[in-house]
Amino acid sequence: MDPEIQKMREVVLVYLDRSGGLQKFVHDCKKYNDSKQSYAVYRFIISINPSDIAELDATLGNYILHNPLQAAQIFQSVCFVAVKTLSLIEQLQTEAQISILLKPTHLPPLPSYVLSLSAYPFNYTSQRFYMSEGIVIAMGTVTKYTQGARFLCTEETCPFSEGRFRCIRVHCPGATESATVRTDFVCSLCSSPLQEDMKFRVLGDKQVVEMIDAKILNALKGYSTDKSHFRIQAFTLFLRDELANKMTIGNHYRIIGIPACVQNGLQMTACIEVNSVQLYKPNDPSFVSENFKYLLSLTSSSCWRFTAVLANIFASQVVPPGTYNTLKLAILLSLVQTCEKENADYLDLLIMTSDPLVIDRLLNYSLCLLPRGIRHPPSSDIFPSVTKDKHGTGSASIQACSAVLAKGGICYIGDLSSYKKDKLELLQSVLESRTTTVFIPGKKYGEEADQQVTVSVQTNFWSFVDVDSSSKKHIQKENFLIGQMDVSLIPVNLVDSFGLLIYNEFPSCRLSSPVVHHTLKKAINPEAMLYKVSQQLRTQDYEEFILFARSLPVELSSEAESLIQGYYLASRRVRRDSIHGSTLSASALKILISLAKAHAKLSLRQRVLEEDAVIAVLLLESSLTLKYGTSPLCVAPNPVFPFDLNDENSLQQRDIYLMQCHHQLLKFISAYSPGIHINTNEE
C-alpha cells in the first residue's frame, strides 16, 4: 500500500473522531442494521471542514478539494474497516457497497474556487469542488434515479454468478442513468453478459434545476446606467436525494458542486452536480449619503417636508423637478415597500395617463433603483409556465417568468390595455392571493396523476393605461359621479386589486414648457446633467437610500392605527349602495397600513405617526374618488401636492394645508364612525 495513502487514512480517522463525524457514521449504520434489509449500496454523508482538514494534514486537504472522487475512496476504505471492526452492519459484504458523499462546509475564498456562470470558458472537466451563485429560472419535478445496483454474471460456472456483492454499479457526479444501469455490461472475469439483480436496486430522488448568473437582472431592466457587455447562459444543476426541493424558483442561491458534462443524444450539456445549497441574501446598505442626511436635517421641523422635497426632486434625470410629484411620491412609497418576506405589505400602482411616453420613461428609471426591477417583455409570460424537460427525462419543468424573477422588487408590465382578457383575469387572481397555480397534466409528462404546483409571487406590480388611446377602443360611459373617472376599459375588480389608482394628467400649459425643454435637451445630449440636484443626489445615492429605507423595521403607533381604522370604517359606511353594499374592499385597510408604513420608511423613521397616516388616507381617498366618485371627505383632485414647491414658504403653506386636512379627517371620522376614539387638540 502507498504510504501516503495510508497516512491519509489515519488522518481521516483522527478527523472523524475529533469532529463528531465518526459518531454520526455509527448512528447512520445503526439505521441500516436495524432495517435487516440488504442493499446494493449503503449511502453515507460526511461533512468536511476544509480548514480543519488542512490543519491536520495539508496533503489530505488538498486531495479533498481537488480530487474529491478519489478522496471519497479513502473515506470509503476507512468507513468499511470501521463497519467490520465494530460490526455495525451485518448485511454489508464488500467495500464497494459503501458510497461516501463528501460535503465541504465551505471553500477557500479564492478566485480559483469560484465558477462564474457568465465567464468563458466554463471549466467542466476538472471534476473538483467549485462555488457558484445564481438565480433559479426553471425547476423540474422530482423523479427517481439509481443510486446503486448489483449485477450477477450469467455464466453459472463463474464465481461472479453467486449471490455476493462483487459487481456493483454506483452513481458518480454528472453520470446519466445509463452509466449506472443498462444491459450491455460484461463480467470482468469471464466476459459473459451481466444481469441486474433488481431486488437490490437502490433508488433516490433527483431534480433538474436551471440556474443563471444574477447579472441577468441587469439585462431585464428597461433602463440601466450599466453599459457593460457580458455573456449570459443558463446552466443545469442536479439536486439529488436530501437536496431535492431545497430550492425555490426565483431565489438567489450559492452552491458548492462538481461540474460535469452530460451527453443527451448528440448534444453535450454542461452541468453541476450540487453538493450543498445556501440561500443568498445580499446585505442592504447601513447608511445613506451625506446629502440625504443634510436634506433630512433641513426638513426636520415637519414630518411631511422631507418626503415632499424628495418627491419634488426625484428622477430629475428623466423629468424636471416639480413635475409629476404625486406619481413620484407613490413610486418612492412602492419602492420602499419591497421585500422577500411572506405576507409582506405590497403596494401596486396603476396609472391613468395621457402621456404614456414620459410615464414609461419615469417608471423604467425608477424600477432600476432596485436590484430586482424587471420590465416585462410582451413576448414572454408574466407568470410561470410548464414545458417538457430538455434533458431527456420527459418530466415537466416549471419556467420562471417576469413576476417570479422580480421577487422582492418591482414587476413593470407596461400598458394594461394591451393584454387579453385571460391574462387580466390571471393578473387579478395573483394580485388578490399573491400566488399562482401551475397545472401539470400527468399523462403529458409521464406521471400517474395530475399535479398542481403553487408558486408564491412576492413583488409589486406597476402598470399604466393610456386614456387617449383607450378612449378610441370603447364607448365611454355617461352619468359619472363628481371626481369619477372612466376606467371601464379595465375590469372593475382588477382596478380594485391595485393598491393605488393614480390619474396623471399631462402637466398644465404652465408646466409643459419645462417638460418639453427637458425632453429636447436630453435628446440632444442624453448624458447631460440638466439640474444641480442631479449632481448632488446621484442615481447611486438613490439606490442606497431606497435599499436602506426599505430595510427599516417599522411599527404602527396607537394614534396612527386609530386614525386609519376610523377612516376605513367611516369610508365603508359612506361608500355603499343598496345592491352591493359597501364598495370599499377589505383590502383597502391593508393598503392604508402599507402606505402609512411606506411613508414612515421614506421619512427614515421606525414608528408610523399620525402624519404618515394622513398622507396614506389622502392618497387612498384620491384613488377611491377616481373609481367611485367623491365622498363627504371631499379631497382636492391633487390632495398631497396642491401647489408647487418652490421655496421654504411653499413648504410651510403645504404643512398648514395638510394640518387642515388632518382636522377635516378627524371631523369625518367623528361624524361617520363615532365608535372610534380619536385624540383631538380640543381634548
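Give the peptides 652-658, 491-497, 566-572 in descending order of average Cβ contacts within 10 Å, highest first. Don't jump to the answer; show the numbers that get you there.
Working: 652-658: 15.7, 491-497: 17.3, 566-572: 22.7.
Highest-to-lowest ranking by the protection proxy: 566-572, 491-497, 652-658.
Angle of helix 509-524 to the longest C-alpha principal axis of the chain, folded into 0 to 90 degrees and rounded to 10: 40°. Quick one: helix 21-35 against the long Cα principal axis of the chain, what's the angle to the nearest 10°, folded into 0 to 90? Relative to the chain, helix 21-35 is tipped by roughly 70 degrees. Computed about the Cα centre, the dipole magnitude for the chain is approximately 600 debye when only Lys and Arg (+1) and Asp and Glu (-1) carry charge, each at its Cβ. For the peptides 72-81, 626-635, residues were scored by their other Cβ atoms within 10 Å and the scores averaged per peptide; the highest-first order is 72-81, 626-635. With all protein chains kept in place, the per residue accessible area of region 300-416 amounts to 27 square angstrom at a probe of 1.4 angstrom.
For region 318-363, a simple Cβ point-charge model (Lys and Arg +1, Asp and Glu -1, everything else neutral) yields a dipole of about 200 debye relative to the Cα centre.
For the pair Gln195 and Ala636 in one chain, pulling the backbone fully straight at 0.36 nm per residue adds 150.3 nm over the alpha carbon distance. The charge dipole of region 1-106, taken about the Cα centre with unit charges on the Cβ atoms of Lys, Arg (+1) and Asp, Glu (-1), comes to about 380 debye, rounded to the nearest 20. Taking 20 Å as the cut-off, the amide N atoms of region 72-91 that come nearer than this to a point 7 Å along the Cα-to-beta-carbon line of Ser188 belong to 72-81. Across the accessible surface of the chain, with the other protein chains kept in place and a 1.4 Å probe, carbon and sulfur atoms take up 52 percent. Ratio of Rg to Rh for the chain: 1.08 [Cα atoms; Kirkwood radius as inverse mean 1/r over pairs].
Taking the helices alone, the chain has a mean residue ellipticity at 222 nm of -11500 deg cm²/dmol, built from -39,500 (n - 2.57) per DSSP H run of at least 4 residues and averaged over all its residues.
The spacing between region 1-55 and region 622-646, judged by their C-alpha centroids, is 71 Å.
Working from label points 7 Å from Cα in the Cα-to-Cβ sense, the Ser582 to Leu279 distance is 3.5 nm.
Near Tyr568, within a Cβ-to-Cβ distance under 14 Å, what is the net charge of the other residues, with Lys and Arg +1 and Asp and Glu -1? Kindly include the intermediate steps, with their values, before the conclusion.
Details: positive: Arg572, Arg573, Arg575, Arg576, Lys590; negative: Glu561, Glu621.
Net local charge, Tyr568 excluded: +3.
Our estimate of slack between Leu56 and Gln267, defined as 0.36 nm per intervening residue step minus the Cα-Cα distance, is 71.6 nm.
Please work out whether region 324-435 counts as rounded, prolate or oblate from its C-alpha gyration tensor, where a ≥ b ≥ c are the square roots of the eigenvalues and a/c under 1.5 means rounded, while otherwise a/b larger than b/c means prolate and anything else oblate?
Values: a/c = 2.05, a/b = 1.66, b/c = 1.23.
The shape class here is prolate.
Expected output is a single nm value to one decimal: the length gained when fully extending between Glu155 and Arg607, i.e. 0.36 nm times separation in residues minus the C-alpha distance. What is it?
Working: separation 452, 0.36 × 452 = 162.72 nm, distance 8.11 nm.
Length gained between Glu155 and Arg607: 154.6 nm.
Positive contributions from Lys and Arg (+1) and negative ones from Asp and Glu (-1), summed over other residues with Cβ under 10 Å from the Cβ of Ser456, come out at 0.
Candidates Gln70, Val12, Ser47 compared by Cα position along the dipole of region 1-106: farthest toward the positive end lies Ser47, with charges placed on Cβ. Projecting label points 7 angstrom from Cα along Cα→Cβ for Thr248 and Asp647 puts them 5.3 nm apart. For helix 68-86, what angle does its Cα long axis make with the longest principal axis of the chain, in degrees from 0 to 90 and rounded to 10? Between the helix axis and the principal axis of the chain, the angle is about 60 degrees.
Toward the positive end of the charge dipole of region 313-436, with +1 on the Cβ of Lys and Arg and -1 on the Cβ of Asp and Glu, the farthest Cα among Cys368, Gln428, Val336 is that of Cys368.
The values are calculated or read from the model by the stated rules, or taken from the named source; none is laboratory data. Source: prediction; values computed, not measured. Neighbour counts are summed over all protein chains in view; Cβ atoms, including those assigned to glycine, are modelled from backbone coordinates with ideal geometry. These accessible areas exclude ligands, DNA and RNA; they are computed on the full protein's heavy atoms, side chains included. Shrake-Rupley method; radii C 1.70, N 1.55, O 1.52, S 1.80 Å.
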